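Peer 1: This is the structure, below, for whatever I ask next.
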Amino acid sequence: MDGESADIAISLSTTRQGATLMEAEPSFPPLAVRHGSPLGYRSGCRSRGGCPNLHSDHLITCVDAETAWRSDFVLGRKPLDEPIRRDEVDRTRAVRERQASTNRASAKREPHWQRREAQRPVHGSASGYLKGCRRPEECPGGIDGVTCSEARNAARRRAARARGVPTRPLPVDTSPAVAKIQLLREAGWSLREIGRVASVGHTTITNIAAGTTTAIWPATLARILRVSAPEC
Ligand SMILES: [Zn+2]
Ligand SMILES: [Zn+2]
């Protein structure tokens, strides 16, 4: 025993048998500090070689007890003066290693950006589109039924407006055009003539007159209304 560990009140348990004896005869004086506990380390048993538990199968040295007590959550709840058994340390180490291997296995299974819930595409958003949801027919849609593609288009329109890009005009109702075409036809115009004078496609004029088309661009409506016939 060196001078350091002699500071500890017990120097009995020099062997495995000693440790057993120590526990079997608690009355042995003065048993104030037991080796293999954090308190043993704090009382001065600060080298592994100097601790009588060095070769014990059941107990660990005071140095190791201090380390285990500090590093393990469960062992850290034990009283400072209670010796830590070797099997307790082995058990916590086994638990730690099992957890570590589980973490490694799940890390292999899928990349971290897929594991993170927040990174999954939120359908019905422009970010969903950017994360790969590009086909409207495959998108389940957001809470209001908007697909990722629609959300992206809306976001791009908003961004363009913010940059000062003029917005595309919305289609307008064909009713005024239908009325005008009706008047022109009553005046003897053919649909082909109306289309040619208005610079509007014959098919478009036909569809408007037939009611197949119910919305046209404002510019188209304006061109049709501009067609001049003295009678109109
Ligand atoms: Zn010790
Ligand atoms: Zn989507």
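Peer 1: Would region 186-227 count as rounded, prolate or oblate if I go by the C-alpha gyration tensor, calling it rounded below 1.5 in a/c and otherwise prolate when a/b exceeds b/c, oblate otherwise?
Peer 2: Working: a/c = 1.70, a/b = 1.18, b/c = 1.44.
Here region 186-227 falls in the oblate category.
Peer 1: So, how do all the Cα-to-Cα distances of region 132-182 break down into 5 Å bins, in percent, from 0 on up?
Peer 2: 4, 17, 15, 13, 13, 15, 10, 9, 4, 1
Every read-out reported here was derived from the displayed coordinates using simple, explicitly stated rules and does not represent laboratory data. These figures come from a predicted structure and were not determined experimentally.
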